[in-house]
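Just below is one structure, and these are the notes that go with it.
The values are calculated or read from the model by the stated rules, or taken from the named source; none is laboratory data. Everything quoted here is computed from the prediction, not taken from an experiment. Neighbour counts run over all protein chains shown; Cβ positions are idealised from the backbone, glycine included. Calculation scope for accessible area: heavy atoms of the full protein, side chains included, ligands and nucleic acids excluded. Shrake-Rupley method; radii C 1.70, N 1.55, O 1.52, S 1.80 Å.
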Amino acid sequence: QVQLVESGGRPVQAGGSLRLSCAASGITIRINDIAWYRQAPGKERELVAAISSGGITNYGDAVKGRFIISRDIPANTVWLIMNSLKPEDTAVYYCNLGHCRGADYYAGSSWGQGTQVTVSA
C-alpha cells in the first residue's frame, strides 16, 4: 500500500526558507516519479515541482529559481527546498505519485495528507 507523508510546513516570514519532506512507503522512489503540488484557499491545486525516477526535475513557473526538488534515495524521501518565500506561496503542499512524460507531469491517485505553509509579509 502506497503511503506519502508530508511534513515541515510552518509559518514563516517573507524572504525566509523552508524544507518540506515527503516520506514514501510501499514504493521505492528510485524507480518512481514524484511531485509536489500546492493548493491555496479558493484556488485549484497546482504543480510545484516534479522529479522523475531518473532524477530529471521540472518546476512550475511561479517557483522556478526559488524552489528545489531533490530526493534521498536511501531514506526514500523527496524534499522540497523553498527559498525566497513570498506570501503568495501560502498553501497546503501535497506529495503525489504520478508519471513524468518529457516536460509534463501527470498526477496519480496517491496523495499525502498535506502540510500547511503560511508566509507572512
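Tabulated results
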| read-out | value |
| --- | --- |
| Every residue from segment 81-114 that is β-branched (V, I, T) and closer than 23 Å to A24 by Cβ | I81, V92 |
| Test: residue in segment 26-42 that is open to solvent by 60 Å² or more (accessible area, probe 1.4 Å), farther than 14 Å from Q116 by Cβ and in contact with a Phe, Trp or Tyr (Cβ under 9 Å, 6 or more places away or on another chain) | no |
| Looking only at segment 64-83, and only at residues there that are without any contact (Cβ under 8 Å) to a residue 60 or more places away in the chain and surrounded by fewer than 15 Cβ atoms within 10 Å (Cβ to Cβ), the one that is nearest to A103 (Cα to Cα) | K64 |
| Boolean, S120 is free of Cβ contacts under 8 Å to residues at least 40 places away in the same chain and of a type in the set (S, T, Y) | no |
| Total residues in segment 60-78, condition in contact with a Lys or Arg (Cβ under 6 Å, 6 or more places away or on another chain) and assigned to a strand (DSSP E or B) | 1 |
| Index of the failed condition, S53 passing every other in (1) in contact with a helix residue (DSSP H, G or I) (Cβ under 6 Å, 6 or more places away or on another chain); (2) over 22 Å from I27 (Cα atoms); (3) of a type in the set (S, T, Y) | (2) |
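For (1) in a loop (DSSP other than H, G, I, E, B); (2) within 13 Å of D89 (Cβ to Cβ), each residue gets a yes or a no:
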| site | (1), (2) |
| --- | --- |
| S21 | no, no |
| I27 | yes, no |
| W36 | no, yes |
| A49 | no, yes |
| G54 | yes, no |
| N58 | no, no |
